[in-house]
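Contents: one structure, followed by commentary.
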Amino acid sequence: MAPVLILTVAKETNAKNAPNYTYQYDTGQSVAHLTFQAMHEELFVHQMSGFDKAKARKLFSLVNDYKPLTVFAIGYIDNYHKLTQSLQKMELSERKRNDFNEFVFEEKFGNKS
Ligand SMILES: Cc1cc2nc3c(=O)[nH]c(=O)nc-3n(C[C@H](O)[C@H](O)[C@H](O)COP(=O)(O)O)c2cc1C
């Protein structure tokens with residue numbers, strides 16, 4: 001089991017109290033960079049959006065314009081045999097990635113590159 005669970009929290013407004021349109025992007029980037037650094041140090045990160053946001057807000061006393069976005073677990077990889085049967089199946093299943101053509105376009109949105 002991962003020893004550390006981290007809640008990512010993003011501020012929806014900037015220093016001038018105006019909306020910060022990139023707050024989710026910024027937070028995602030920071031977690032992405034943390035993930036690469038963790039892997040460099042042989043640690044693994046598992047990101048999750050399936051958690052109770054209201055509960056997290058209450059538990060950590062978050063104020064209004066701070067929004068809980070994700071939770072990620074961080075730890076060393078362990079033997080998959082310790083997982084339940086269904087999690088073992090997920091862990092060992094072949095990963096399917098979207099084809100670049102589905103999200104890389106040129107000149108006009110939807111024009112396959
Ligand atoms: C923003 C975000 C939210 C995610 N939410 C969940 C989640 O709630 N539960 C979960 O099991 N996996 C979630 N995932 C997927 C896992 O973190 C992971 O990317 C996926 O299991 C593939 O892992 P792999 O590297 O083993 O292929 C989420 C991923 C991202 C990027």
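Any read-out appearing in this document is the output of simple, stated calculations on the displayed coordinates, not a laboratory observation. Because the structure is a prediction, the values reported are computed rather than measured. Virtual Cβ from ideal backbone geometry, glycine too; neighbours counted across all protein chains shown.
Over the residues of the chain, the helix contribution to mean residue ellipticity at 222 nm works out to -9000 deg cm²/dmol, using -39500 (n - 2.57) for each DSSP H run of at least 4. The magnitude of the dipole of segment 1-104, with charges of +1 and -1 set on the Cβ of Lys/Arg and Asp/Glu and taken from the Cα centre, is near 420 debye. Loop-located trypsin sites (Lys or Arg not before Pro) in segment 28-113 (DSSP state other than H, G, I, E, B) with a sparse environment of at most 10 neighbouring Cβ atoms within 10 Å: R95, K96, R97, K108. For segment 1-38, chymotrypsin sites (Phe, Trp or Tyr not before Pro) meeting the loop criterion (DSSP other than H, G, I, E, B) and having at most 10 other Cβ atoms within 10 Å: Y21. Taking loop as defined by DSSP and a crowding limit of 16 other beta carbons within 10 Å, which GluC sites (Glu not before Pro) in segment 4-113 fit? The qualifying sites are E12, E41, E42, E94, E106, E107.
Normalised by the number of residues in the chain, the average gap of Cα pairs under 8 Å and 6 or more apart makes the relative contact order 31 percent. Distant-in-sequence amide contacts of K11, defined by a placed amide H-H separation under 5 Å and a gap of 5 or more residues or a different chain, comprise K67. Here the translational diffusion coefficient of the chain follows from Stokes-Einstein with Rh set to the Kirkwood radius across Cα pairs; for 4 °C and 1.567 mPa s it amounts to 75 µm²/s.
Set Lys and Arg Cβ to +1 and Asp and Glu Cβ to -1, take the dipole of segment 4-78 about its Cα centre, and tell me which of S30, A15, I74 lies farthest positive. Going by the Cα projections, it comes out as A15.
Counting 0.36 nm for each residue step from T13 to K55 and taking away their Cα separation leaves a gain of 12.9 nm.
Over the chain, with a Gaussian network built from C-alpha contacts below 10 Å, which listed residue (Q37, Q47, Q85) shows the highest mean-square fluctuation? It is Q85.
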